[in-house]
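Below is one structure, written out as C-alpha cells, with a few remarks after it.
The values are calculated or read from the model by the stated rules, or taken from the named source; none is laboratory data. This structure is a prediction, so every number in the text was calculated from the model and none was measured. FYI the Cβ positions are ideal-geometry reconstructions off the backbone, even for glycines, and counts take in every protein chain you see. Just the protein is used for accessible areas: all its heavy atoms, side chains included, with ligands, DNA and RNA removed. Shrake-Rupley method; radii C 1.70, N 1.55, O 1.52, S 1.80 Å.
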2 protein chains.
Amino acid sequence: MMLQEQRHQKIESFLKQQKAVKASELAALLDISIDTVRRDLEVLEKNGIVKRVHGGAILTQKSDNVLNRLFNEREVKNLEKKQEAASIAIELIEEGQAIALNGGTTTIEIAKVLVDKFKRLTIITNDLRILSILGKNKNFNVILTGGFFNPEEYTLYGKQCEEILSNFNIDIAFLTVNGLSLEHGLTDFRMHEVGVIQTMISRTRHKVVVADSSKFETSSYINVCPLKDIDLIVTDSSLPSNTIEEYSKKNIRILSPH
Amino acid sequence: MMLQEQRHQKIESFLKQQKAVKASELAALLDISIDTVRRDLEVLEKNGIVKRVHGGAILTQKSDNVLNRLFNEREVKNLEKKQEAASIAIELIEEGQAIALNGGTTTIEIAKVLVDKFKRLTIITNDLRILSILGKNKNFNVILTGGFFNPEEYTLYGKQCEEILSNFNIDIAFLTVNGLSLEHGLTDFRMHEVGVIQTMISRTRHKVVVADSSKFETSSYINVCPLKDIDLIVTDSSLPSNTIEEYSKKNIRILSPH
DNA sequence: ATTAATCTTGCATTAACACGCAAAACAAAA
DNA sequence: TTTTGTTTTGCGTGTTAATGCAAGATTAAT
C-alpha cells in the first residue's frame, strides 16, 4: 500500500497528461479501492487541484496551465542568452536610480546581476522571485507591488498592483514579454501580467524591453503595446544583424553585445 | 546498534532517492523498532528535512518553492502554545469569508491550519511566509499587500501597504502583537508593523488578537491601540484563570481551550 | 421509465499513532 | 570498578486515522 501523499502526487501528474480520468481507472492503476480514490479526489478538490465530476475528475484550469509549463521549459533553454542580455541591460543603470522589473525569467537574471553590481538602488517589482534575490542586499530599497497572488508564477497582479505602481516615478523599467514583432509589437500570454507591464510603461521615463534573440518576430495572444511606445530593446549576441537593421529602419533601437 | 546521527543520515539519503518511505519500511531496513523510526522522523521533521505523514514520511521539497528557500526558519518560541491558540482561533471563521493576517509567527500557525481546514477563503496579508503557505491551496484568493520590503521579518509595510488594505472590507482580522496588558493595551516593538495592524483594525468587522499566554501583561515600546478597540483575545490553555477574570471585569473577552 | 453505473453515508476493521513507563545503554563522577 | 544520573529504546496502553464494504440515493444513458 502506498502513502496518501504519493497517491495524490501520482493522480495529479497523471491528470496533467490526460486532462480527465475515471475513478475506476485510477482504482485499477493504483491498486486501491474505488472508495479510496474518491477520498483522494476529495482532498485534491479541496486544494483546488482537480474538479470532481460524475465518473471521475478533471484538472482545474489553474493547474492545467499548459502555457506556463511551456514557458518554464523555455527558461532553461535560453538561460545563457538571458544572462548575456541582462549584463548588457544593467549598463544603462546609474547608482541611486529607481528601477522597475516586471515578472519573468529574464528580469530574474537582471536582478541577480543588480545585487552584485550596485550599492544603492530603489527597485519595484511584482515578482516574488525577484524580491527574494534582491532582499539579500540590505542597501537596496525594495518595493513589492501588492495584489492578487499567482502561485504558478509567483507574481502579483490586479488593480491594487497597478495602483501602487502609479505612486512611483520610475527611472528605468526593464520589461520582459513573451513575444515581440514589428507587426504586433509587444505581446504576451500571461493574461494578468499585461496590465502590470502597461502600467509600468506609463510610469517610467526609460522603457527598456529585455528579450533574448529567440523572442524576436514571435507573437503571443495578448497585445501589450506597439514597439514605438518603448525606448530600447536589449538582447543577446545571437540576433541576426539584418533583424537589427530592419528594426532600425522603423526607428526601433536595439542594443546588443557586438 | 547504530547511532542516532547515522540513522538520520541514512533515512535522509534514502529519502533523497525514494522521495517517500513508510515507517515500517525503515524499521525493517535499519533493523530498529517502529517507535525509534517515529522518533527519528520527528527530529528530522523539526529540522525541516522531512514531512511526516500518516504511515511514514516524505521529503520536503524546499528547492521547488522559491519562497521557502528564502526563509531561514528561525526558532519559534512557544510553538505548541501558538498552535493551540491557532486551532481555537480558526473556529471563528466561516467558509468564504475575507480574513486578514498581519505578520508574525502566531499568524503563520493560523495560516497552516487554514490551508487544511477550509475550502474557499479570501485572505489578505503583509507577510510573505504566510503567502507561501497559503499559495498551496489553489482555491484560496490570496492577496498580498504591497509596500516596502522588510528583509528581517519578510513582511511589507508603509503607505502603499496600508492603502491597499483600505480597499478591502475584512470579516475577521487575526492580529499578533508583541505584548498586551490592561494598562498599555496592545504594544509592539516592530516599528513598521504597528501601522499595518492599526489599518487592519480600522478595516475589519471582527478584530481578534491571537496571543499565546506568555504575551499577557507584558508590554513593548510602541502603543498599537487600547484593548477596548478589539473584540476578542484568543490564547492557549496555560493562561491563569485569574488573569481571565481580571480581563473579564474590564469587559475584555478572552477565548481559550478549557 | 427503466437500467446500470456512480456517488454518498455510515460503519467495522485494521494499521498507525501518541503517551507513559521501565529496562537497557551510555556517560560522568566517585 | 562502582555508583549515579542521563539518554535512548522498546513495549503496553488507549486513541486516532485510513481503508474497504454495504445500503440507499443520485446521476446518466437508453
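Structural remarks
- Over 30 Å (Cα to Cα) - which of B:LYS46/B:LYS249; B:LYS82/B:LYS228; A:LYS82/A:LYS138; B:LYS46/B:LYS117 fall in this group: B:LYS46/B:LYS249
- Mean Cβ count within 10 Å, highest first, over the residues of peptides B:27-35, B:5-13: B:5-13, B:27-35
- Only the Cβ atoms of Lys and Arg (+1) and of Asp and Glu (-1) were treated as charged; on that basis the dipole of the protein assembly as shown about its Cα centre amounts to roughly 480 debye.
- q = 0.15, 0.27 Å⁻¹: log10 I(q)/I(0) that the Debye formula gives for segment B:4-59, counting C-alpha atoms only: -0.31, -1.16
- Taking each DSSP H run with n ≥ 4 as -39500 (n - 2.57) and averaging over every residue of chain B yields -11500 deg cm²/dmol at 222 nm.
- Charged-residue dipole, Cβ positions (Lys, Arg, Asp, Glu), segment A:4-59 about Cα centre, Debye nearest 20: 200
- Ordering of A:239-249, B:173-183, A:86-96 by packing [mean C-beta count within 10 Å, highest first]: B:173-183, A:86-96, A:239-249
- A:GLU153, A:GLU84, A:GLU42, ranked by accessible area, largest first (probe 1.4 Å): A:GLU42, A:GLU84, A:GLU153
- Solvent-accessible area per residue for the protein assembly as shown (1.4 angstrom probe, square angstrom): 47
- Look at where the Cα atoms of segment B:156-190 and of segment B:1-50 average out, and the two centres are 42 Å apart.
- Selection from A:ILE11, A:GLY147, A:LEU92 lying farthest towards where the dipole of the protein assembly as shown points positive, charges on Cβ: A:ILE11
- 7 Å along Cα→Cβ, label-point gaps from A:GLN83 to other copies, nm, shortest first: 4.2
- Sequentially through segment B:164-180, phi angles give Karplus couplings (6.51, -1.76, 1.60; θ = phi - 60°) of 4, 4, 5, 7, 10, 9, 9, 6, 10, 10, 9, 10, 10, 10, 7, x, 8 Hz, Gly and Pro residues having no value and appearing as x.
- Distant-in-sequence amide H partners of A:TYR221 (H built 1.01 Å from N, under 5 Å): A:ASP188, A:PHE189
- Bridge type composition, the protein assembly as shown - antiparallel percent by DSSP, nearest 5: 45
- Given charges at beta-carbon only (K, R positive; D, E negative), |dipole| of segment B:79-255 in Debye: 440
- Label geometry 7 Å along the beta-carbon vector: B:SER181 inter-copy distances in nm: 6.9
- Fraction of accessible area attributable to carbon and sulfur, chain A (%, probe 1.4 Å): 47
- A cut-off of 5 Å between modelled amide H atoms, ignoring neighbours fewer than 5 places along the same chain, links A:ASP236 with A:SER213.
- Global geometry of chain B, whether rounded, prolate or oblate, following the gyration tensor of its Cα atoms and the 1.5 cut on a/c: prolate
- Average beta-carbon neighbours from other chains, 10 Å sphere, peptide A:137-146: 5
- Global dimensions of the protein assembly as shown from alpha-carbon coordinates: Rg and Dmax equal 25.5, 83 Å.
- For B:GLY48, the label point sits 7 Å beyond Cα toward Cβ; its separations from the matching points on the remaining copies run 2.4 nm, from shortest to longest.
- Exercise: per-residue mean of other protein chain Cβ atoms within 10 Å, A:127-133: 5
- Take each residue of peptide B:17-29, count the partner chain Cβ atoms within 10 Å of its Cβ, and average: the result is 1.
- Estimated distance in nm for a label pair at B:ASP229 and A:SER24, the labels positioned 7 Å out from Cα along Cα-to-Cβ: 6.3
- Only beta bridges with both residues in chain B are counted; by DSSP, about 45 percent of them are antiparallel.
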